[in-house]
Each structure stands twice: as C-alpha cells, then as structure tokens.
Amino acid sequence: MTISQRVVQWQQKTKKRALIYKGGGCVVCGYSTSTRSLIFHHLDPRLKDFGVGSGVRSWERLVVELDKCVLLCANCHGEVHDEITTIICKGPTPKEGLELVRMAGLETYHPQPRHQRHCPTCGTDIGWAASGCHSCISSKQKTKINWPSSDVLAAMVKASSARNVAKQLGVSDRSVAKRLRNHSALEVDSEGDDPSTSRLRGACSTN
C-alpha cells in the first residue's frame, strides 16, 4: 500500500469515527443515510479554528474541534443558516461520544511515551526524526570553502565545466558562477571604470 493510499484510508476511518462521535445522524431530523450529506456545523463561528475534514490532523485535535460542532444534514444545515430551523438538540456529550466510538471498535491507539532524544553535539532535546538540533546542523553547513584564486578557478571551468568544478569544491553551480562574476566585477572596478557599469560588464563577461 502506498503512502497516499494509507492517507486516504486514514481519512476515511477518521471521518467515520468523527461521525459516530457526534451521534451518526442529523441532530434536527435524524438523517443518516449518506455520509456525504452530513456536515459538521460550528455552533459559534468565532470559535472555529479549522474546518472538520480539511487537512490531516490528529484525533486529539479533531475532538477539540468536534466539541464545537453539531452534526447536520445538508438540508437542515441550509435551513439553520437561513434561520428557518433552530437547533435544539446538540447530540451526544463528549463522554457519550467517546463511548460510542469505543463501542464501534474505532478507538485510537495511544503509544507509550518514548525517552527523549538529544542532540549528539550539544545535548539539546530534539525530535525523533531529527539528526541534531538546528544550531548544530546550521553550523556544520557553514563550512568555509577553500576557493582557488580567480584565475585558477576560471581556468578550471574553461578546461572542464562549472558543474564538474562545483562537484570538486563541494558547492553548487551557482556558487561557482557567482564567484566568477563577483571577482570579474572587482577586477574591472580596480581599473578605474564606473562601478555600476563595470559590475554589469564583469557579470556579463562570464555568461
């Protein structure tokens, strides 16, 4: 099973769990035939953090949002917004909803807490997928490159290619091109030309 298939499967299971948690049917008319026609309606739009069913979220976060909602069918949902119908029953309480989910055999799995991992360099707490803390990883990435002189660099590129030279130095193609452009601009400036036009010529001469 691919990752996308697992995500779809998880979303379908979570929606089923959410519907059961809110009673499984419209709180106004009791409709429950098609799940496509059932809508989670926020009682107070000002308290809405996200739409139920939008994105992938944990069951714990979803329950908090579901407690702000009632389950309505599409017809009653339209009538509530048009102030034709008034919501009287709000469906199961959170405790009753969790019991309904348990009875349906759709309880979520709660893994045992793991020991905290630490950065191997400085000992700072890190996540389970991280290889180190942000500061240590950033400092390692800022290794100074021992650039050859501009003449040697230009000769290397001319004899091979910018890509091959970049691989040898452990940098990107753009870094090599930028290095050559900047140095060419500085050389022309030193000859007494206007700085703005010199930089432009120097940059163009390496393209």
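Using a simple spin-label model with pseudo-atoms 7 Å out from Cα toward Cβ, R163 and Q11 lie 3.8 nm apart. For V171 and A130, a Förster radius of 30 Å and the Cβ-Cβ distance give a FRET efficiency of 0.75, rounded to the nearest 0.05. Given R0 = 30 Å, the distance between the Cβ atoms of N75 and K48 translates into a calculated FRET efficiency of 0.85.
Highest mean first, the peptides 34-40, 120-126 sorted by other C-beta atoms within 10 Å per residue fall in the order 34-40, 120-126.
Residue separation of T121 and I88 scaled by 0.36 nm, minus their Cα-Cα distance, works out to 5.9 nm of gained length. Extension gain for T33 to E99 (0.36 nm times residue separation, less C-alpha to C-alpha distance): 21.6 nm.
Ranking Y31, T14, P94 by how far each Cα lies toward the positive end of the dipole of the stretch 12-103 (charges on Cβ) leaves T14 at the top. Within the shell defined by Cβ-Cβ distances under 12 Å, the residues around I20 carry a net charge of +3, with Lys and Arg each +1 and Asp and Glu each -1. Size descriptors for the stretch 12-103, from the alpha-carbon set: Rg then Dmax equal 12.4, 36 Å.
Throughout, read-outs are computed from the coordinates displayed, never taken from laboratory work. What you see is a predicted model, and the numbers here were worked out from it, not measured in a lab. Positions of Cβ are backbone-derived with ideal geometry, glycine not excepted, and every protein chain shown enters the neighbour counts.
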